[in-house]
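Inspection log for the structure reproduced underneath, given as structure tokens.
Just so you know, all these numbers are worked out from the coordinates, no wet-lab data involved. Since the model is a prediction, treat every value here as computed from it, not as a measurement. Note: ideal-geometry Cβ built from the backbone for every residue, glycine included; neighbour counts use all protein chains shown.
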Amino acid sequence: MPAQDTIYALATGIGRSAIAIIRISGDRAHLVVERLTRSILPEPRCLVRRQLVSRTGDEIDDAMVVLFSEGKSVTGEQMAEIHCHGGRAVISAVMNEIGAVEHLRLAEPGEFTRRSFLNGNMDLSAVEGLSDLISAETELQRKQAMRISNGALASRVSGWRDLLIKARGLVELTIDWADEEVPEDVTDEVRDILGHLAGDLQAELRHSESTEKLRSGFEVAIVGPPNVGKSSLLNALAGREAAITSDTPGTTRDVLELPYDLDGLPVRFLDTAGLRETVDAVEEEGVRRALTRADAADLRIHLRCETDRGAGQFSALKQDHDLTVWSKADICEGPADIHISVKTGQGIEDLLREISHRLSEGAESFGLLGHHRQQQHVQCALRALQKGREGLGTADLEVIAEDLRAATSELERLVGRVDVEDVLGSVFSSFCLGK
Ligand code: GDP
């Protein structure tokens with residue numbers, strides 16, 4: 001009996017394509033290829049052409065296959081890939097043949113990566129980076145995800161952990177020498193190490209909000225009274241009729257979203273319902289939602305024009321770095337940061353540049369903590385090490401050593417070295433099949 005099931009899955013997208021790749025991982029991976037090709041197995045890591053044949057001897061496809069040996073594959077297990085033609089019937093016939101082999105089953109989402117993690121080929125932060133890489137939609141998201149999946153966070157954490165272990169070693173040395181003559185007082189050295197470390201962790205945490213935004217996307221709400229040109233601006237950005245525009249106030253009754261790649265920054269523009277006092281229950285609900293979303297957005301564009309009668313309820317939403325924009329500048333101008341016209345295109349590029357500038361303010365370089373889970377572990381590690389540092393010179397050394405041990409295990413949790421079971425489900429649930 002194999003130690004665990006051999007798993008297989010279609011690794012490429014569902015639907016018709018030129019080529020489809022099916023991955024197999026586990027003790028029976030090579031056996032599957034042997035049965036499907038009815039020929040000698042190729043050398044590992046050599047992509048070779050083979051005819052795929054069914055159990056009844058029918059030719060299924062002219063394909064390419066590649067094998068990976070145990071210990072030399074991404075999952076750490078014996079693996080194989082079948083590159084067949086991407087028609088639905090071909091894929092389905094190949095998958096049926098694979099599924100017919102005993103102890104083979106379809107992989108669950110993320111199961112290949114999970115096996116890779118469990119076999120020590122990846123740490124948990126790299127798994128999260130990989131998941132982000134697959135979801136990346138903009139260039140900046142891709143670069144950031146690559147950085148993390150290549151181990152940037154893991155190596156930073158490992159540096160922090162080494163320093164903590166060094167500090168704890170010094171404290172423990174002092175404990176061991178307690179009854180003897182202590183060779184030298186290590187308090188200052190430990191205080192320095194922990195101070196330096198606390199500074200590093202704080203700096204990372206300061207960047208974490210923008211780092212998480214880079215992953216999940218920034219929200220920019222277009223707000224202002226009805227008829228000021230909000231939907232027209234959204235349409236101009238979309239280059240299509242994404243929102244309904246009309247001369248009758250109150251047309252946009254809900255919050256419309258436009259995903260946008262702003263020089264690599266993932267942005268969602270929100271077109272909020274035109275705000276005005278209303279007795280219409282549906283519109284009132286639209287106004288309530290608009291206010292909540294706009295308030296929580298990362299930036300608000302306050303649109304004004306000559307016909308509006310003041311910013312009304314939206315003035316309460318004004319936050320320090322928000323933008324005031326004068327719309328319909330082709331017919332009239334007024335006081336604002338930027339003047340735009342969707343009719344002539346005036347100011348739209350300036351507006352986008354300014355939005356990009358304001359969103360990336362304070363985030364000159366994005367940090368490494370893009371996930372709430374990672375931030376929490378760093379916060380807990382920071383609290384524990386600060387407690388230890390404050391106790392130096394007054395508290396029992398055993399207590400300080402314990403604080404430093406607690407800080408170390410928080411960092412180990414971050415990369416999945418300890419206590420991983422409870423987080424695995426949520427980390428891997430975001431993966432697609434075949435990964
Ligand atoms: P909203 O209620 O704020 O979403 O406003 P709309 O986008 O529906 O625009 C209201 C009216 O203003 C429509 O008739 C638009 O064609 C017009 N409008 C919007 N932007 C401009 C502009 O830049 N110039 C001119 N001349 N008219 C505009």
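Skipping prolines and chain starts, which residues have an amide H placed within reach, meaning under 5 Å, of the one on H339, given they are 5 or more residues away or on another chain? When sequence neighbours closer than 5 places are left aside, the close amide H contacts are W326.
Modelled label positions at R45 and R88, each set 7 Å beyond Cα in the direction of Cβ, lie 3.9 nm from each other. Counting other Cβ atoms within 10 Å as a rough exposure proxy, the listed residues C380, C332, C305 run C332, C380, C305 from fewest neighbours to most. The label point for N150 and the one for D58, both projected 7 Å from the Cα toward the Cβ, are 4.7 nm apart.
The alpha carbon radius of gyration of the chain, expressed as a multiple of 2.2 N^0.38 Å, is 1.31.
Paramagnetic label reach from K318 (point 7 Å along Cα→Cβ; backbone nitrogen cut-off under 13 Å): within the range 337-362, residues 337. Would you mind pulling out the separation of the Cα centroids of the range 349-400 and the range 1-59, in Å? Centre-to-centre (Cα) distance: 46 Å. Converting phi to 3J(HN,Hα) with the Karplus coefficients 6.51, -1.76 and 1.60 and the offset θ = phi - 60°, the range 97-113 yields 5, 5, x, 7, 6, 4, 6, 9, 8, 5, 6, 7, x, x, 5, 5, 5 Hz in sequence order, with x at every glycine or proline. Remark: the chain carries a charge dipole of roughly 1820 debye about the Cα centre, counting +1 on each Lys and Arg Cβ and -1 on each Asp and Glu Cβ. Per-residue ellipticity at 222 nm, computed for the chain from helices alone with -39500 (n - 2.57) per DSSP H run of at least four residues, works out to -14500 deg cm²/dmol. Computed FRET efficiency, Cβ-Cβ of S356 and D176, R0 60 Å: what is it to the nearest 0.05? Once rounded, the FRET efficiency stands at 0.60. Loop-resident GluC sites (Glu not before Pro) (DSSP state other than H, G, I, E or B) in the range 124-215 with no more than 16 further Cβ atoms inside 10 Å of their Cβ: E137, E180, E181, E184. Residues whose amide H falls under 5 Å from that of A20, counting only those 5 or more places apart or on a different chain, are C84, H85, G86, with hydrogens built in the peptide plane. Computed packing ranks the peptides 227-234, 151-158, 97-104 as 227-234, 151-158, 97-104, most packed first, by mean other Cβ atoms within 10 Å.
Show which lysines lie in cross-link reach of K72 when reach means a straight Cα distance below 26 angstrom and same-chain residues fewer than eight apart are skipped. Within reach: K435.
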